[in-house]
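Presented below is the structure to which this report refers.
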Amino acid sequence: MSLNAFDTHPLVLSGIVFKKSTGIYHVRSGERVVTCAISNRLRKVLIYPIADRSSIGHHRVVDIEDIHMVDPVAIGDEVVYTDAGEGSGLITEVRPRRTQLTRRAPGPKPLEQVIVANVDVVIPVVSGAQPKPRWGMIDRYLASAESCGVAAMVCVTKIDLLRKHQMDELMEVVEDYRRIGYAVLLTNSSTGDGIEALREKLTGKLSALVGMSGVGKTTLLNAVQPGLGLRVSAVNVMLDKGRHTTTNLEMFPLDGGGYIVDTPGMKTFGLWDTDMDDVGLLFPEIAPFVGQCKFGLDCQHQTEPGCAVKAAMERGEISGRRYRNYLSIRDQPTAELK
Ligand SMILES: Nc1nc2c(ncn2[C@@H]2O[C@H](COP(=O)(O)OP(=O)(O)O)[C@@H](O)[C@H]2O)c(=O)[nH]1
Ligand SMILES: [Mg+2]
Ligand SMILES: [Zn+2]
C-alpha cells in the first residue's frame, strides 16, 4: 500500500479507506485523514467496444451501466482521491483489490456488497453459550471466505459459560474444524483466556470479525486492544438497517501492527456469485469427492447410489453436521437469521 504517492506525482493522492458511513469515506494518507465523497463515475460501469481495437474511436464509451454493487468503495480499499482542501476530498478511483469479503446484499435485487476489501483473515465468531452456537452460520461464513479466497479461522467466545457436558460437546465440533484445517480459538473475555493467542493471529494482518449480534465480537475487540472501548461502541449500527448504503464500519489499528474490523448486525449472509453446484468445493473436506460419485457431477449427494460424498461421511471423513450444513447452503444460498 503506497501512502505517499504525493512524492511521485503532486496531483495523484492515494490512501486507505479506514472508516465509512452513509456516503462519507474517511481516508488515511500517511499522517493525514481526509473526509471524502465519491465521484459519480465510480457508480457506473463504462462499456467500451471490444471488437477491433485498431478501429478509430475504440476507446470511446459505447454504453454506461449502473454497477451491481451496493457501494463501489469498501473499508480497506486503497483509493485515489483529489484534494478539495480543508481536509475534504473526492475519491476518483479504487485501486485493484488483493482480496475482498463479499456477500449478496439483502433484498430482492441481486447486488454485491463488499464488506471488507484487502482482508487477510476472516474470523467467524460464535458463542459457546448464550446464545447457543449456530454452526450453520459459521459454515456459511467459512464457505464465503473460501469463495473469496480469503483465509479463515474460527473464534468461540464465552467459554466461561459452559458446563462440563457442554464443553465436551463443543470440543467435538472444535476438533472437527481443526481436522479440516481451520484454526479454532477458544476465548473468555472476562478472564482474558485465549486473547493473547488471538492477538498473535491478528498481528500484521487486516482481519474481519463476522458473526451474529450478541456473540461477543465487540467485547473481543476491546479485550484484544484495550482502550478502543468508546470508539468500538460507536460502531453499533446495524448493517442491514434501512437502505443498503447506511453502512457504518471502521477498521481499528492494533498496537502490534495490523487492523481489525468489527462487522455489526448482519442478519443475512448470502454467497455472492457462487454457482450452487460449486458449493461442495467451498467445503475443504468435501471438495476432494466432488465429481467422484457414480453419477459424476450430476450427483446431488443425497439418495444416489455410489455417492462418494456420502461414503466419505460414513467413513467419518466428513461430519454429518458439516454435510447437513453443506446441503442447507446449497439449497438456500441466502439464510435469514432468526
Ligand atoms: N460471560 C461472558 N460474556 C461475554 C463474553 N464476551 C461477551 N460477553 C457478553 O455478551 C454480550 C454481547 O457482547 P458484544 O460484544 O456486544 O457482542 P457483539 O454483538 O457480537 O458485538 C455482552 O453482554 C457481553 O458482556 C465472554 O467471554 N463471557
Ligand atoms: Mg458489536
Ligand atoms: Zn454424490
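Computed from the coordinates by the stated procedures, all read-outs in this text should not be read as laboratory data. In this text, all values refer to a predicted model and were calculated from it rather than measured experimentally. Reconstructed Cβ throughout: ideal geometry from the backbone, glycine too, with neighbour counts over all protein chains shown.
Worth pointing out:
- Within the stretch 14-167, the percentage of alpha carbon pairs spaced more than 18 angstrom apart rounds to 69%.
- Across the stretch 101-270, C-alpha contacts under 8 Å between residues 6 or more apart give a mean separation that, scaled by the residue count, equals a relative contact order of 24 percent.
- Relative contact order (%) - the stretch 131-218, alpha-carbon pairs under 8 angstrom, separation at least six: 30
- Descending principal axes extents, the stretch 101-270, alpha-carbon based, whole Å: 45, 33, 27
- Given R0 = 30 Å, the distance between the Cβ atoms of residue 93 and residue 276 translates into a calculated FRET efficiency of 0.30.
- The alpha-carbon of residue 267 sits under 22 angstrom from the alpha-carbons of these lysines, leaving out residues fewer than 8 places away in its chain: 19, 20, 109, 132, 158, 217, 241, 338.
- Debye equation applied to the C-alpha atoms of the stretch 276-336, log10 I(q)/I(0) at 0.14 Å⁻¹: -0.33
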